[in-house]
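Read through the structure below, which is laid out as C-alpha cells, and then see the notes.
The values are calculated or read from the model by the stated rules, or taken from the named source; none is laboratory data. Since the model is a prediction, treat every value here as computed from it, not as a measurement. Neighbour counts are summed over all protein chains in view; Cβ atoms, including those assigned to glycine, are modelled from backbone coordinates with ideal geometry. In case anyone asks, the SASA skips ligands and DNA or RNA and just uses the protein heavy atoms, side chains included. Shrake-Rupley method; radii C 1.70, N 1.55, O 1.52, S 1.80 Å.
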Amino acid sequence: MSSTNNCVDCNAIIRGSWFFRSSRLKCNTCAKTICAKCANNQALIPYTPDNNEKPTALQKSSIECYCKPCYQSISTLDYGSAYDVIEPAADDEDDNENTNTTTLLWVHGGGGCRRMFHPHAKLLSKKGYRSILIDLPGHGTLVDTKLTLDECVDTVRSILHKECTSSQKIVYIGGSLGAYIGFYILEKLNTKFSGAVLIDCGQNVGPDCSLKARLGIWFLRKLSTKMSNKALMAAMLGTVKKSKADYHLVETTFGAGYFFQQGGAQCDCMHTVAPATIIPSLNFPILFFNGSEDYRDSEDRWLSLCNHKELSSLKVYEGGDHFFCHDSRFVHDMLDRIDRFTQAVLSHSADVN
C-alpha cells in the first residue's frame, strides 16, 4: 500500500511506501514533508553557545535536516542580506586614524558562506577596522546564483560601490576558494584594492598545475557533484576530528550550513585561474598564510612574483592544516599579522601619495 505527498519546498511528488520510505522525510522543526534531495541539502548542526568550540563532541547524528523556511531561520546565516558590514567597535582599543578609513573585505572558502570569518572580523573591529563579509555566488544567500568568475567580480564590484567611498582603502581577505577566485577578482578590480591577504592557496590548482593537483581537482569535483551537503558535512566532521581546529566551528561553518550545490563550478573556477600570470600585474602587497600540513607546492613562487616584495610576505603555521584559521593556536597571531600588514600598507600608500 502506498500514498503520495508533495515536498513542501520543491513540490516534487514523494511516494510513501516501505520501498520509498528513504525519499520521504520530515523537517526536524515543523515536521512538514520534504524530499530527500531538499532535506539532505538543507542540513546543518543547530548552533548553541555550549557546542560552539567543542568539535570533539560533534557527531554525524548532530546534523539535522529542515524545510527551507526552518533551515533559513535556524542557520546562523542572516538571510535578510547577501553581505554583512561590521563597523569599528565604539570602544576600540587602538586610536589609529588609518584603521578608520580602511575596509577589510572578507571572502569565504568553497561550500561556506560569509559567516566563516565573522568572529575574526569582530575581533579586528576592536582595533578600529571596518569589515564587509560577502556571500559568493552559489553560496549562502546567493546559493541559486550561478557561480562564475565574472559573476564573482560583479558581486564584489556592486558591494564596494554601495558600501565604500573613493577615499577608503580596501584590503581583500580571501580563504581557500575565496583566495583562488580572489586572484581573478583582484586582477579585474586592481585599482580598488590597497593590499590582499590570501589564505590556504599554496597549491597551484590552475591550468598549469601538476598531475597530482589535477587528480585532486577531479576527485573534489566527483565528491561535490555526487554527494549532498549533509553527506559532505558528515565527511568533514571526520576530517575536523583529526584537526586541531576548534575556533567557532559550529557558529561559522556547521551551524550556517554547507553550499556545494554548485561544487563542479567551484572546481572549474579554481582550475581556470592562473596565479602566476596574475600576481605580477597586481600593484599592491600580498600577505600569504598557509598551514604546514596543507598542500602547498607553489607558495614560494607566488611570493616571489609579488611586485611589492618589501611589504609582501608568507607565514606558514607549523602543525596547521587547511583549517588553521579556525585553530585557536593560530587565530590571534594571524589577526595581529593582518593588522600589522594593513598598517604597513597604509603607511606606504601615504608616503607614495
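Among the residues of segment 205-224, those that are open to solvent by less than 90 Å² (accessible area, probe 1.4 Å), assigned to a helix (DSSP H, G or I) and of a type in the set (A, V, I, L, M) comprise 213, 217, 220, 223.
Matching residues to (1) open to solvent by less than 10 Å² (accessible area, probe 1.4 Å); (2) assigned to a strand (DSSP E or B):
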| position | (1), (2) |
| --- | --- |
| 124 | yes, no |
| 137 | yes, no |
| 152 | yes, no |
| 155 | no, no |
| 165 | no, no |
| 173 | yes, yes |
| 179 | yes, no |
| 185 | yes, no |
| 203 | no, no |
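Scanning segment 250-274 for residues that are open to solvent by 10 Å² or more (accessible area, probe 1.4 Å), part of a loop (DSSP other than H, G, I, E, B) and over 30 Å from residue 65 (Cα atoms) yields one hit, 274. Hey, can you tell me all the residues within segment 291-307 that are open to solvent by less than 50 Å² (accessible area, probe 1.4 Å) and either touching a Gly at 6+ places or on another chain (Cβ under 8 Å) or closer than 17 Å to residue 175 by Cα (or both)? Once the filter is applied, which keeps residues that are open to solvent by less than 50 Å² (accessible area, probe 1.4 Å) and either touching a Gly at 6+ places or on another chain (Cβ under 8 Å) or closer than 17 Å to residue 175 by Cα (or both), segment 291-307 yields 291, 292, 294, 298, 299, 302, 303. Residue by residue through segment 82-122, note down the ones that are out of contact with any Asp or Glu (no Cβ under 8 Å at 6 or more places or on another chain), part of a helix (DSSP H, G or I), open to solvent by 10 Å² or more (accessible area, probe 1.4 Å) and modelled with pLDDT of 95 or more. Selection gives 116, 122.
For the subset of segment 139-150 comprising residues that are assigned to a helix (DSSP H, G or I) and in contact with a Leu (Cβ under 9 Å, 6 or more places away or on another chain), which member is nearest to residue 110 (Cα to Cα)? So the residue we want is 140. Looking at segment 23-37, can you tell me whether even one residue there is under 19 Å from residue 63 (Cβ atoms), at pLDDT below 85 and out of contact with any His (no Cβ under 9 Å at 6 or more places or on another chain)? Yes, segment 23-37 contains at least one residue that is under 19 Å from residue 63 (Cβ atoms), at pLDDT below 85 and out of contact with any His (no Cβ under 9 Å at 6 or more places or on another chain).
Only residues that are touching a Cys at 6+ places or on another chain (Cβ under 9 Å) and open to solvent by less than 30 Å² (accessible area, probe 1.4 Å) were counted across segment 225-237, and they come to 0.
Residue 148 - would you say it is touching a helix residue (DSSP H, G or I) at 6+ places or on another chain (Cβ under 8 Å) and farther than 20 Å from residue 225 by Cα? No.
For segment 238-249, the tally of residues that are in contact with a Pro (Cβ under 8 Å, 6 or more places away or on another chain), in a helix (DSSP H, G or I) and surrounded by fewer than 19 Cβ atoms within 10 Å (Cβ to Cβ) stands at 1. Go through segment 308-353 and give me each residue that's open to solvent by 60 Å² or more (accessible area, probe 1.4 Å), within 14 Å of residue 287 (Cβ to Cβ) and touching a strand residue (DSSP E or B) at 6+ places or on another chain (Cβ under 7 Å). 337, the sole residue that qualifies. Scoring residue 263 on the criteria (1) at pLDDT below 95; (2) closer than 26 Å to residue 218 by Cβ leaves a single failure, condition (1).
Restricting attention to segment 38-51, the residues being at pLDDT below 95, among the polar types (S, T, N, Q) and in a helix (DSSP H, G or I) number 1.
The residues in segment 275-288 that are under 11 Å from residue 305 (Cβ atoms) and in a loop (DSSP other than H, G, I, E, B) can be counted, and the count is 1.
Against the list (1) open to solvent by less than 50 Å² (accessible area, probe 1.4 Å); (2) in contact (Cβ under 8 Å) with a residue 40 or more places away in the chain; (3) under 24 Å from residue 234 (Cβ atoms), the condition residue 68 fails is (1).
Only one residue in 133, 77 is in a strand (DSSP E or B), in contact with a Lys or Arg (Cβ under 6 Å, 6 or more places away or on another chain) and either free of Cβ contacts under 8 Å to residues at least 12 places away in the same chain or within 30 Å of residue 10 (Cα to Cα) (or both). Which one? Walk me through how you get there before you give the answer.
Numbers: 77 fails: in a strand (DSSP E or B).
Step by step, each of 133, 77 is checked, and only 133 is in a strand (DSSP E or B), in contact with a Lys or Arg (Cβ under 6 Å, 6 or more places away or on another chain) and either free of Cβ contacts under 8 Å to residues at least 12 places away in the same chain or within 30 Å of residue 10 (Cα to Cα) (or both).
Does segment 210-231 include one or more residues that are closer than 30 Å to residue 341 by Cα, without any contact (Cβ under 8 Å) to a residue 40 or more places away in the chain and touching a helix residue (DSSP H, G or I) at 6+ places or on another chain (Cβ under 9 Å)? No, there is no match, as no residue in segment 210-231 is closer than 30 Å to residue 341 by Cα, without any contact (Cβ under 8 Å) to a residue 40 or more places away in the chain and touching a helix residue (DSSP H, G or I) at 6+ places or on another chain (Cβ under 9 Å).
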